[in-house]
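See below for the structure under consideration.
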Amino acid sequence: MLINTVLLVTRELLPLLLVLVLMLQLQPAQKSRFLLLSVLLSTALVLLLAPWLALLTQLAAGNGLELLFIGCYSVSLLALTALLTAKAKPFMPALLVIAAQGLICGINILLYGLTGIGSVDKGDSYWLGALLALGIGLSIAVLWFHLLDELKRRTPALLLVMLLPVAARQTSEALALLQQTGWLPGGQALWDSSVVISEQSEAGVFLQAWFGYEATPDLIQLTGWLLTLILLSALGYRCYIRRVKNEL
Amino acid sequence: MTSVRRYLISVLIAVLVLSSFLAALQSYRLSAERARELFDQDLQLIAGAIWQQYDVNMPQPIQGLAVQLSRHGELKYRSELAPQAVISWAQGYSEQNFAGKRWRVFVQSGNNGWQIMVAQPLQQRLQLADELITASIYPVVLSLPVQALLIWLIVSRALWPLRSLSAQLASRKANELSPVTLEQVPEELKQVLQSTNQLFERLSATFAREKRFASDVAHELRTPLSVLEINLHNALTRWQQQGLSDHDETMLALQQGVERMRQLIEQIMLLNRTHPDNFQAKTRLLDWVALCRQVVSEWFSQLEQKQHSISIEGDEHLMVKADDFALRLLVSNLLGNAIKYTPAGGQIRLTLHKSRNKAVLVIEDSGPGIPPQEYPQVFNRFYRVGGDRHQFAVPGAGLGLAIVKDIVSLHNGSIHLAPAGFASGLKVTVELPL
């Protein structure tokens, strides 16, 4: 169905676009170069892995892809920590974040296009759904870019604060995948907020892409999310204060 | 914000696409719900119709549907697609799995224990609904490029006066201070335009006043100075006739002071005249080599007096598009400096050649030269190497190279200083575009 395609593609595309916009704002002088390199690197990685997808899926008792994604989220988290604590705005960690997110997004969209749910309703509605998702994703990215630009102009440090929910999302996504593979026990949902904001709704998809919103989080996911947020906040604040003192 | 136009276009298109696509999705959801109700109603109608026509040997009902009829729990009829077992006993609508598919089932009970079950594949319903609804979304998607183009055109048109104003200001020369005019002035730009034009007016008046003042002062000083120079000369002549000697060289010092002041006034007037803000260049094709020869001949008496040897090397002719007066002054100032600062019996070399798309003049002398660290300062007005108490006691105002720099800028050229090719001295390279 068209709506399924829209939701699935948006859910994969939006986290990448939101992070890309944030990284672009952190690269004030080299936006075009960064954008070009990000697109090239992500595409190259996806194309490199595409022929091995079947094999990759069978690895580690059928958890190969999940392991790859856990690796991507971990790399992203480390690179985001480096960005948060670095004095200058390093180019390489930002590029690493995009490469990792691009790989997850690319492989998932490729899988959806080649097999699975996508195979059922391939046709006009599939392409139309993908186009709608792309349009929605890009529009949100453009508006997000201008919003961050405005925030940056008012308070430059806010841009660093915006890294925190993105980093927390990496942890909760990695933990969810670890639970899915059975390496971590799954827990009972602490609450169910799907009545207020459903994960299937447009707002739910946006919030999930931004900070990893879960309508029914369990204890492990929530703890991981909160710990990342608190630890990185403390680390980032310490580095920021030290930098300000040095500048003075 | 790098560009208001880019900002407006990107934000407006993003908002348009986002709102259109979200509205299309919402409409899709509502239409899908409505289609589901309609398909359910259809199932109910079909069930009613089959019920009325029931016959054990009745032909297969509508294709793609599974139909079963049972009485007191015993299956009396089943269509080709229906399973052997009863699909569902639950009355009304439900979803069931059989024959490898998921089905939407409607069950209705009648009199005497009769029950009818009509089922339709869920996938078939979804595809039908999708085909119907997506057709209504296409126009939304297809019209977006047109709407985006319209936004681009409208924003560009609305910002045209701003771009026109910016282009006019950017294309102005430094001395162009006339008011800016726009064909149509939007309300938002009226104040900006008014303030800009007022600023230009004030600036123009200030420049004119400054120009007139410098020119008037220099001109007014020239006359009494000439009188002073003549009187000094006459006084010195009378002294000589009366056999009086100038033991402490008071008269000589006076003469040198007046000469220096005369030179200063001349240089100030030339500086004022050749400044890019004031100078109205009348460029034409000139032979730079011939011009250099003429300037050398003008300086001949000084060259002879100091026993300098001079040579002009390089191309026979070098055509350059320049203002005659300004170029002559440039060569004269540079050659004058070389003659003045080179000790008697020195060497001066002028080289003229073409390099890529530039005409190059190099003037070298065997004088004391200038320390490289002072190269950038010598083009400043009134700057003299070694200060006022110049070690060579050469009279000068420190304006010659400033005038040369102005003339070079006027012709979009460049000037560089370097040590000369002689044992000592200065090498001045002037490059003018061809």
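When region A:15-28 is limited to residues that are more than 12 Å from A:I98 (Cα to Cα) and away from every other protein chain (no Cβ under 12 Å), the one that is farthest from the chain's Cα centre (by Cα) turns out to be A:Q27. Identification of helices (runs of 4 or more DSSP H) wholly contained in region A:67-173 with 1 or more residues that are in contact with a Leu (Cβ under 7 Å, 6 or more places away or on another chain), more than 14 Å from every other protein chain (Cβ to nearest Cβ) and without any contact (Cβ under 8 Å) to a residue 24 or more places away in the chain yields A:91-114, A:158-161. Yes or no: B:R157 at pLDDT below 85 and away from every other protein chain (no Cβ under 14 Å)? Against the criterion (at pLDDT below 85 and away from every other protein chain (no Cβ under 14 Å)), B:R157 does not qualify. Selection of region B:140-154 for residues being within 12 Å of chain A (Cβ to nearest Cβ) and free of Cβ contacts under 8 Å to residues at least 12 places away in the same chain yields B:L142, B:P145. The residue that is surrounded by the most Cβ atoms within 10 Å (Cβ to Cβ), among those in region B:93-132 that are within 14 Å of another protein chain (Cβ to nearest Cβ) and touching a Leu at 6+ places or on another chain (Cβ under 8 Å), is B:D130.
Filtered by the rule that a residue be without any contact (Cβ under 8 Å) to a residue 12 or more places away in the chain and either within 17 Å of A:L78 (Cβ to Cβ) or not in a helix (DSSP H, G or I) (or both), region A:207-233 gives a lone residue, A:L231.
Here is the figure for region B:213-242: residues that are within 24 Å of B:L270 (Cβ to Cβ) and surrounded by fewer than 11 Cβ atoms within 10 Å (Cβ to Cβ) total 5.
Based on what the data block shows, is A:V6 touching a Leu at 6+ places or on another chain (Cβ under 6 Å), in a helix (DSSP H, G or I) and within 14 Å of chain B (Cβ to nearest Cβ)? Criteria met by A:V6. Tallying residues that are assigned to a loop (DSSP other than H, G, I, E, B) and either within 26 Å of B:F207 (Cα to Cα) or among the aromatic types (F, W, Y) (or both) within region B:176-193 yields 7. Among the candidates B:Q84, B:Q63, the residue that is outside any helix (DSSP H, G or I), modelled with pLDDT under 90, under 25 Å from B:E131 (Cβ atoms) and not charged (D, E, K, R) is uniquely B:Q63. In region B:1-23, the residue that is farthest from the other protein chains (Cβ to nearest Cβ) out of those that are free of Cβ contacts under 8 Å to residues at least 12 places away in the same chain and exposed (fewer than 14 other Cβ atoms within 10 Å of the Cβ) is B:S3.
With the condition kept exactly as written, say whether any residue in region B:133-155 is surrounded by 13 or more Cβ atoms within 10 Å (Cβ to Cβ), in contact with an Asp or Glu (Cβ under 8 Å, 6 or more places away or on another chain) and either over 26 Å from A:I136 (Cβ atoms) or in the same structural domain as B:G64 (by TED's automatic domain parsing) (or both). The answer is yes, given that some residue of region B:133-155 is surrounded by 13 or more Cβ atoms within 10 Å (Cβ to Cβ), in contact with an Asp or Glu (Cβ under 8 Å, 6 or more places away or on another chain) and either over 26 Å from A:I136 (Cβ atoms) or in the same structural domain as B:G64 (by TED's automatic domain parsing) (or both).
Give the residues of region A:2-18 that are surrounded by fewer than 24 Cβ atoms within 10 Å (Cβ to Cβ) and under 18 Å from B:D130 (Cα atoms), sorted by residue number. Within region A:2-18, A:I3, A:N4, A:L7, A:L8 meet the criteria.
The values are calculated or read from the model by the stated rules, or taken from the named source; none is laboratory data. Treat the numbers as computed from the prediction; the structure is a model and nothing was measured. All Cβ positions, glycine included, derive from the backbone under ideal geometry; neighbour counts span all protein chains shown.
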